[in-house]
């Protein structure tokens with residue numbers, strides 16, 4: 001499944017500016033640029049020299065940001081036996097093309113399957129499970145924003161015996177609370193919860209072993225080339241949490257985000273403008 005990057009370079013600029021509490025006037029002043037030039041960048045008009053100046057003010061990596069702007073930093077397509085990615089539309093005013101991911105991880109030795117988030121429509125996920133004779137044992141939620149949980153009722157109706165797990169800090173009807181360090185086993189899959197809050201107050205990622213490659217279901221904590229929006233009050237801590245909880249994983253770990261394509265820890269360490277810069 002070929003899924004485009006969730007964010008363009010202007011989205012990264014706006015997320016960083018919001019996180020640092022910098023409006024256009026303050027950005028322009030700090031970067032030594034006219035407000036009109038900052039406005040043009042925020043509207044997606046690439047001017048490399050101005051972009052580099054803005055990147056420095058926003059504490060973003062200039063080369064990674066410019067590579068993103070030029071379309072040169074998307075990760076190569078990734079396929080892993082036992083991992084299925086689903087993508088459903090999430091239309092909101094002004095963002096009609098927006099989509100959200102959900103995932104199935106299947107034990108390589110049994111018919112046991114585990115879902116991570118549900119997206120907005122569960123039909124494709126349920127159909128896949130039924131067509132392949134899989135036993136959905138659990139549904140894990142990375143956070144409870146509507147686009148990630150809208151199809152929970154559909155999955156639970158089709159598989160009423162499946163356990164529902166969600167972040168303890170974000171109570172969700174029928175879900176057992178999950179906290180930092182909690183571990184689960186389904187078939188030969190081992191799942192460990194890590195708190196990666198910032199985008200949401202209880203955002204939780206799940207590290208998965210048992211397939212040929214290590215996986216991390218990261219929700220909206222991290223995207224290929226970007227990350228989920230974070231309020232100013234949590235911005236600095238969210239960056240540190242992602243570095244400590246996700247980007248410290250082994251380089252080959254496959255990151256499965258809530259939006260956009262699969263990526264790896266190694267790729268994000270090098271190409272993500274929020275994290276490629278030495279800090």
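The values are calculated or read from the model by the stated rules, or taken from the named source; none is laboratory data. Keep in mind that this is a model prediction, so the values were computed, not measured. Every residue, glycine among them, receives a Cβ derived from its backbone with ideal geometry; neighbour counts consider all protein chains shown.
Just to be sure before I move on: is residue 156 in a helix (DSSP H, G or I), in the same structural domain as residue 254 (by TED's automatic domain parsing) and over 25 Å from residue 79 (Cα atoms) in the structure I sent?
Working: in a helix (DSSP H, G or I): yes; in the same structural domain as residue 254 (by TED's automatic domain parsing): yes; over 25 Å from residue 79 (Cα atoms): yes.
Yes, satisfied.
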Please specify each residue of region 178-210 satisfying the condition of being out of contact with any strand residue (DSSP E or B) (no Cβ under 7 Å at 6 or more places or on another chain), in contact (Cβ under 8 Å) with a residue 12 or more places away in the chain and more than 24 Å from residue 236 (Cβ to Cβ). 188
Those residues of region 9-50 which are surrounded by fewer than 17 Cβ atoms within 10 Å (Cβ to Cβ) and under 18 Å from the mean Cα position of the chain (by Cα) amount to 14
Name the residues in region 162-174 that are touching a residue at least 24 places away in the same chain (Cβ under 8 Å) and more than 22 Å from residue 241 (Cβ to Cβ), would you? 162, 163, 164
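So that you can scan it fast, the table gives a plain yes or no per residue for (1) touching a helix residue (DSSP H, G or I) at 6+ places or on another chain (Cβ under 6 Å); (2) closer than 16 Å to residue 224 by Cα:
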{"position": "45", "(1), (2)": "no, no"}
{"position": "50", "(1), (2)": "yes, no"}
{"position": "101", "(1), (2)": "no, yes"}
{"position": "137", "(1), (2)": "no, no"}
{"position": "147", "(1), (2)": "no, no"}
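Take residue 248 and decide whether it is touching a helix residue (DSSP H, G or I) at 6+ places or on another chain (Cβ under 9 Å) and without any contact (Cβ under 8 Å) to a residue 40 or more places away in the chain.
Yes: the conditions hold for residue 248.
Within region 108-124, can you find the residues that are at negative phi, crowded, with 22+ Cβ neighbours inside 10 Å and in contact with a helix residue (DSSP H, G or I) (Cβ under 7 Å, 6 or more places away or on another chain)?
Within region 108-124, the subset at negative phi is 108-116, 118, 120-124.
Still in the running and crowded, with 22+ Cβ neighbours inside 10 Å: 113-116, 118, 122.
Hits for region 108-124 are 113, 115, 118, 122.
Can you spot a residue in region 54-63 that is under 30 Å from residue 117 (Cα atoms), surrounded by 19 or more Cβ atoms within 10 Å (Cβ to Cβ) and not assigned by TED's automatic domain parsing to the domain that holds residue 114? Write out each step before concluding.
Here is the first cut: in region 54-63, the residues under 30 Å from residue 117 (Cα atoms) are 60.
Filter once more, so that each one left must be surrounded by 19 or more Cβ atoms within 10 Å (Cβ to Cβ): 60.
From what's left, not assigned by TED's automatic domain parsing to the domain that holds residue 114: 60.
For region 54-63, residues under 30 Å from residue 117 (Cα atoms), surrounded by 19 or more Cβ atoms within 10 Å (Cβ to Cβ) and not assigned by TED's automatic domain parsing to the domain that holds residue 114: present.
Go over the candidates 141, 129 one by one and state the one that is surrounded by 22 or more Cβ atoms within 10 Å (Cβ to Cβ) and over 28 Å from residue 198 (Cα atoms). Break it down into steps so the answer makes sense when it comes.
Values: 141 fails: over 28 Å from residue 198 (Cα atoms).
The unique qualifying residue is 129.
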For region 147-161 the number of residues that are without any contact (Cβ under 8 Å) to a residue 40 or more places away in the chain and surrounded by 14 or more Cβ atoms within 10 Å (Cβ to Cβ) is 7
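Looking for something part of a loop (DSSP other than H, G, I, E, B) and either over 25 Å from residue 204 (Cα atoms) or touching a strand residue (DSSP E or B) at 6+ places or on another chain (Cβ under 9 Å) (or both) - is there at least one such residue anywhere in region 123-131? Steps first, answer last, please.
In the first step, residues of region 123-131 are kept if they are part of a loop (DSSP other than H, G, I, E, B); the result is none.
No, that holds for no residue.
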Condition first: in contact with a helix residue (DSSP H, G or I) (Cβ under 8 Å, 6 or more places away or on another chain) and farther than 18 Å from residue 266 by Cα. Now tell me which residues in region 182-218 satisfy that. 194, 195, 196, 197, 198, 199
